[in-house]
Structures are given as C-alpha cells and as structure tokens.
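The structure appears below as structure tokens.
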Amino acid sequence: MRSWFRRSSQTATVAIPLPSEEEESAAPAKEQEEPKPAAEKAPPAVAVSASAGQAVASSAAEQPVAAKASAEESRLRTVTKPAAPSYRADHKSLYKEFLRGLYDAVLVTDPKGHVIDSNPRVTELFLYSPADLWDTPVEELVRGVSMQVLERIRQNVVQNRHVLLDANCRRRDGSFFPAEVAISKLNLINEGDYVFCVRNVERRRQALQRLRSQHNAVMNASNAFAVMDLQGNMVFVNPAMCETWSATRASELTNRNIRTIWQAPAGIEKALGLAISGDRWIGPLPAQGLQGRRFMVEAMLAPDRDARNEIVGIVSSFIEVAGVE
C-alpha cells in the first residue's frame, strides 16, 4: 500500500493511507457484491488532493451546523407537540362541574324567582330540559314559593344563611313528589340570586308512612305487645299491655324488667334465653299484674334484629287465656 505524506505547519506528521492499484480495481466489484442499505449513507469523501488541514477544518465546520439543525428540529417538535389540557382552569368550568357532580337537583334563580341555571339532576327529577326551564318561575316547580314567600325567605336567609322547607314539587307531566328544599342567597350571576337545592324524599316518606301504619296497628291491637332490650328491660308497651297488667299509664311498665311481672321466673328466663340466642319461643306463662292479679297468658318472644341482622332486643306479644285469682 502506498502512503502520501505531508508535513503540517505543526511538528506532527499526518499520514493518509492510499489504496494500491489492485485494491482500487477490486473495490467496485466488492461494492456491487455487498450493497449498503439505503438508510445508511457513506460519509462524504475527502479529496486526496486537499490538504489535511483543510479536511479537518471542513469537518469541524460541519459539526456546529449539524448540531444547530438537530436543535432546531427538536425545538420544532416541542412547539408542535399538543400541550396538556388545562383541565377546568377557569371559574365557569369549575362552577359547571360542581353543579354536575351534586346529588341534589339545583335551581339557580334571579332575585325575582325566575330560573337562570340548573344542573342535570333537575332534568331527572322535574323532567324539564335546561332550555325549557329558562325563565320559569320557581313557584311552578316548588309549590307555594311565591314572591311574598321569597321576600320572607330573603329576610331569614340574611340571618341564618339558609332556609329548609318541606315542600311538594311539580314535574312537567303534572305529577308531584315530596321534597326537602334548602334555599340560600348567593351572588352568582346577579346580586341576590337564590339557590334551591331540591332532594326527593318520596321513598323516605313512604318508608316513614309504613312505620307509622305499623305503629298504629300495634297501638290499636287487642293483644299485648312489648319490646325489650337485651337485658329484659321493657322499652315500649302498647295500651293492651297496660290494660292486661293493670297499669294506668305506659311509664309504669317501661324501664321495668319483664322478669318482675311473672309468678315464676323460671319460665320467662327460658323464653328470654331462647330469644336472645336467635330462636322464637311460644308457650303459656303464669303472669301477675301490678295490682296483684294472677292470670295465664299465651306468650311469644322473638329476637329483634336491626338492618345488619344483628340482635338488638326482644319483641313479644301476650294473649290472656285464663285468669287465676
């Protein structure tokens, strides 16, 4: 192999190897046999006639240009990349999201009681679309809330911050439902706007009515009923229980232990033990009234369970079957 030497301006000597004639003739054939992939590009060849100093200077000059192009391309990618959304950055969006997340139906009215905003729960409860609700007098939705009532509410709100009403609300189809309505006065869109938070209590009212009906049935029953805690202390008795045991009022029996109103404690102890353990007991028991009267009753004692099916007390009923003087 031939070498071409050139002494630079410095003391070091730079040697650039040059291919021999045989290697030069064999090079094209080798390139045809092993073609390089299209993605790979050969570096630009340096002319042999150029000086070593010029080649080094040319390579050094190309490096900053390539680095600058790479930095420019990176900057463009950064600029064109979609920015992360600023989620709910403004107050209006936060306000809308807050209304949308509330369980209660929310009506916002102007100081005259006309609806100016609402949340999706209003559509579920009242069957109105937001467009249909616009400028609707709140009295058409919450019955009885007239301008005179709003004025009284305004005075109470200033003192107590909110007013709670038991009201009947009217749906778009004309049906009604009971509701609890909390009214507040806020400066949202106009100064002195009203906010009505409406909660449907229809199922709660129905459940309370069932309990009330059951209570009425027990209070008017001819059989004696008593409810006890786990220690056997009576916490509730009906009028028939007072009459059977000769009590003039319920307080004479409540807070009294049921073991004290029987002739023999053995029978009631067995019945209490079974009821506390979760079983039901039915059988005759010899009873003794508060005035000393003795009589027989057919008794039933059973466990009283809560919503989690845990025993919290004992329920009982008694029917007088024969008197023993």
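Distance between the modelled labels on Arg205 and Asn309, one decimal in nanometres: 3.4 nm (7 Å Cα→Cβ projection). Ranked by the mean number of other Cβ atoms within 10 Å of their residues, highest first, the peptides 104-111, 198-205 fall in the order 104-111, 198-205. Remark on Asp117: its backbone amide H falls under 5 Å from those of Val108, a criterion applied only to residues 5 or more positions apart or on other chains, H modelled at 1.01 Å from N. Neighbours of Val198, meaning other residues whose beta-carbon lies under 10 angstrom from its beta-carbon, give a summed charge of 0 when Lys and Arg score +1 and Asp and Glu score -1.
As a rough footprinting exposure proxy, the listed residues Thr244, Thr260, Thr136 were ranked by other beta carbons within 10 Å of their own, and the order from fewest upward is Thr260, Thr136, Thr244. Working from label points 7 Å from Cα in the Cα-to-Cβ sense, the Gln291 to Ala266 distance is 3.1 nm. As a rough guide to protection, the peptides 271-279, 286-294 ranked by mean Cβ packing within 10 Å, highest first, stand as 271-279, 286-294. For Asp132 and Arg152, what is the calculated FRET efficiency with R₀ set at 35 Å and r taken between the beta-carbons, to the nearest 0.05? With R0 = 35 Å, the Cβ-Cβ based efficiency is 0.80. This model, with +1 at the C-beta of Lys and Arg and -1 at the C-beta of Asp and Glu, gives region 275-324 a dipole about its Cα centre of some 140 debye. Using the Cα gyration tensor of region 145-222, with a ≥ b ≥ c the square roots of its eigenvalues, what is the shape: rounded (a/c below 1.5), prolate (a/b larger than b/c) or oblate (neither)? Prolate. Region 115-182 and region 225-282 have Cα centres lying 49 Å from one another. Positive end of the dipole of region 122-250 (Cβ unit charges, origin at the Cα centre): among Leu127, Asn187, Trp245, the Cα lying farthest that way belongs to Trp245. Net charge of the neighbourhood of Val235, taken over other residues with C-beta under 13 Å away and scored Lys/Arg +1, Asp/Glu -1, is -1. Counting charges near Asn257 (Lys, Arg +1; Asp, Glu -1) among other residues having Cβ under 15 Å from its Cβ returns a value of -1.
Each Cα pair under 8 Å and six or more residues apart adds its separation to the average, and for region 221-324 the resulting relative contact order is 27 percent. Label positions at Asp279 and Thr123, each projected 7 Å from the Cα along the C-beta direction, are separated by 5.9 nm.
Throughout, read-outs are computed from the coordinates displayed, never taken from laboratory work. All of these numbers come straight from a predicted model, not from anything done at the bench. Virtual Cβ from ideal backbone geometry, glycine too; neighbours counted across all protein chains shown.
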